[in-house]
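Here the structure is laid out as structure tokens; the discussion comes afterwards.
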């Protein structure tokens with residue numbers, strides 16, 4: 001089997017985030033917000049919000065779901081077992097891959113400018129703030145390669161994110177070390193002269 005192309009809507013279900021979340025309501029949910037996750041896959045503690053009506057099981061997050069920001073999307077988040085049952089805020093779209101597409105592979109593609117940039121082409125707009133709708137996202141053309149290659153590329157993407165996080169930690173530690181050395185040399189490290 002060679003690679004082909006498909007519209008994202010044929011490979012995955014695309015759901016809108018949940019509306020009506022706030023401070024009052026009978027039902028409580030853990031909520032993933034656009035600022036809850038980073039470009040390296042780190043996730044902050046989810047806040048609890050309430051809703052008057054129950055959320056359907058269809059709209060609760062499942063492992064493997066991919067979260068993408070509605071406004072100015074540049075990176076995505078793959079839902080893990082830990083977030084199962086939480087909900088996405090209305091500022092996120094949920095891409096639920098079908099069985100023929102690997103979630104990490106699809107997440108990798110959704111971070112590529114050539115892929116996500118199709119939304120601008122499909123909508124015919126190039127606004128300063130780029131907003132994505134479910135319909136626009138469903139129209140994106142995705143290259144489909146054999147599942148073994150999808151898994152390999154998805155794993156490379158995951159490792160690259162891990163490497164990015166480690167490099168940031170290294171830079172932060174290096175900055176602390178330099179600051180400590182500067183302080184020690186310029187002030188004598190607290191020693192009296």
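A few comments on the model shown:
- From 35, 82, residue being part of a helix (DSSP H, G or I) and under 14 Å from the mean Cα position of the chain (by Cα): 35
- Filtered residues of region 7-33 (kept if within 17 Å of residue 90 (Cβ to Cβ), surrounded by fewer than 16 Cβ atoms within 10 Å (Cβ to Cβ) and in contact (Cβ under 8 Å) with a residue 60 or more places away in the chain): 16, 19
- Every listed requirement among (1) surrounded by 10 or more Cβ atoms within 10 Å (Cβ to Cβ); (2) modelled with pLDDT under 90; (3) under 24 Å from residue 36 (Cα atoms) is met by residue 108 save one, (2).
- Qualifying residue in region 42-61 (condition: assigned to a helix (DSSP H, G or I) and touching a residue at least 24 places away in the same chain (Cβ under 8 Å)): yes
- Failed condition for residue 4, given (1) in contact (Cβ under 8 Å) with a residue 12 or more places away in the chain; (2) surrounded by fewer than 14 Cβ atoms within 10 Å (Cβ to Cβ); (3) farther than 27 Å from residue 148 by Cα; (4) touching a strand residue (DSSP E or B) at 6+ places or on another chain (Cβ under 8 Å): (3)
- Residue within region 169-187 that is modelled with pLDDT of 90 or more, part of a helix (DSSP H, G or I) and under 18 Å from the mean Cα position of the chain (by Cα) present: no
The values are calculated or read from the model by the stated rules, or taken from the named source; none is laboratory data. Everything numeric here is computed off the predicted structure, so don't read it as measured data. When we count neighbours, we look across all protein chains shown, and the Cβ atoms used for this are built from the backbone with ideal geometry, even at glycine.
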